[in-house]
1. Taking the simple approach of a point 7 Å from Cα along Cα-to-Cβ for both residue 280 and residue 311, what is their distance in nm?
2. Distance in nm between label sites at residue 271 and residue 240, each 7 Å beyond Cα in the beta-carbon direction?
3. Hey, fewest Cβ within 10 Å first, where do 321, 63, 240 land in order?
4. Can you give the Kirkwood hydrodynamic radius for the range 212-272, in Å, rounded to one decimal and based on Cα pairs?
5. Could you calculate, for the range 213-336, the ratio of the Cα radius of gyration to the Kirkwood radius, expressed as Rg to Rh?
6. Under the Karplus relation 6.51 cos²θ - 1.76 cosθ + 1.60, θ = phi - 60°, what is the ordered set of whole-Hz ³J(HN,Hα) values for the range 63-80, x standing for Gly and Pro?
7. Which ordering of 213, 70 is given by a fewest-first count of other beta-carbon atoms within 10 Å?
8. Among the listed pairs 44/324; 13/311; 4/293; 13/44; 250/293; 229/291, which are separated by more than 20 Å between their Cα atoms?
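What follows is calculated from the coordinates using simple rules that are stated; it is not laboratory data. Here the structure is a predicted model, which means the values were calculated and not measured. Note: ideal-geometry Cβ built from the backbone for every residue, glycine included; neighbour counts use all protein chains shown.
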Amino acid sequence: MAIKDLIKFNDNKTTFIFVGGKGGVGKTSVSASTAIYLAEQGKKTLIVSTDPAHSLSDSLETYIGPNPKIIRENLYGVEIDPEMAMERQQAELNAKKSIASPDQLPGLDMLTDQLDLASSSPGADEAAAFEIFVQVMTTNEYDVVVFDTAPTGHTLRLLSFPDLMDSWVGKMIKAKSKLGSLTSGLKNLIPFVGDDDEDIASTAELEETKRKIAEAKEVLTNPDRTSFKMVVIPEEMSIYESERAIESLKKNDMNVDSIIVNQIMPDIDNCDFCQSRYKIQQKRIALINQKFKDQEIAQIPLFKEEVKGQKKLEEFAEILYEGKTPEQTAKDAIIL
């Protein structure tokens with residue numbers, strides 16, 4: 001089966017593709033080239049960077065930013081900015097505190113402390129990413145959304161976020177029954193809760209949040225709508241980290257359908273260094289084939305230049321999804 005055949009589309013429902021792996025293996029190149037390829041197929045595509053490093057703009061050679069921006073026909077992009085989101089929430093909380101009555105201030109001081117902890121938490125970017133996931137999931141505005149994820153640890157936290165949020169909101173509902181209107185200030189800590197009424201954290205709204213979280217989890221674990229592509233390079237650290245990540249994803253009922261082996265050295269006779277690297281990589285590729293036999297495996301050669309800019313990403317996509325050789329694209333793979 002070709003790797004492109006693993007991508008499923010649903011009428012009037014968005015398909016989600018998560019691209020992950022160890023830092024430095026080429027996740028952004030795979031994500032951006034995948035998004036370009038799907039847009040070229042006529043699919044309205046959104047690529048979302050959840051990596052705080054924001055290399056997506058560099059890869060596509062265009063500024064993207066925190067709001068969806070059109071990049072080319074059928075292709076839109078957004079880079080999540082968790083710091084901006086937390087600053088907005090802090091400003092909203094400060095505004096609420098400034099008009100609060102004295103008997104509310106002790107509770108709001110507690111909320112401020114909690115928000116400070118939340119803003120410094122490594123989970124802030126996962127919270128922002130998950131909020132966008134829920135938004136695009138419920139609107140079904142796009143045919144497909146590609147997530148260019150942060151390194152493995154962040155990604156696993158993002159994908160386990162529904163369980164964390166479900167537990168959190170459950171506690172909030174209990175707190176609501178005990179503390180009453182004081183918990184209205186907590187809406188700044190909870191994604192997805194609206195602000196139509198003065199009592200923003202009403203039990204009904206919290207229950208609606210729980211419903212959205214449950215729906216998000218159902219979509220994340222539905223192989224017809226959501227898949228995960230693991231990017232590895234032929235090195236032991238990358239292979240073993242990916243193996244552990246796949247086990248964790250399985251525990252979250254996530255569908256890992258393919259392994260993309262990036263940066264493969266060619267077999268070059270007149271270069272001792274190249275031959276040494278080639279032989280080591282071939283052993284690692286054999287290990288990859290052994291460990292990931294349940295997934296479709298695709299191979300990408302090492303390019304002689306950075307995979308940067310839309311033209312090179314198009315060539316990358318043709319190799320990955322159409323099975324073309326570098327010579328059949330722009331002859332841009334490494335030749336020594």
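1. Output for this residue pair reads 3.3 nm.
2. 2.9 nm
3. Numbers: 321 20, 63 11, 240 14.
Final ranking by Cβ density, sparse to dense: 63, 240, 321.
4. On the way: mean 1/r = 0.0732 Å⁻¹.
When all Cα pairs of the range 212-272 are included, the Kirkwood radius is 13.7 Å.
5. 1.04
6. Each residue's phi maps through the Karplus curve to give 5, 10, x, x, 10, x, 10, 6, 9, 7, 4, 6, 10, 10, x, 8, 10, 5 Hz.
7. Numbers: 213 24, 70 9.
Ranking 213, 70 by Cβ neighbours within 10 Å, fewest first, gives 70, 213.
8. Values: 44/324 24 Å; 13/311 30 Å; 4/293 18 Å; 13/44 12 Å; 250/293 15 Å; 229/291 15 Å.
Result: 44/324; 13/311 exceed 20 Å.
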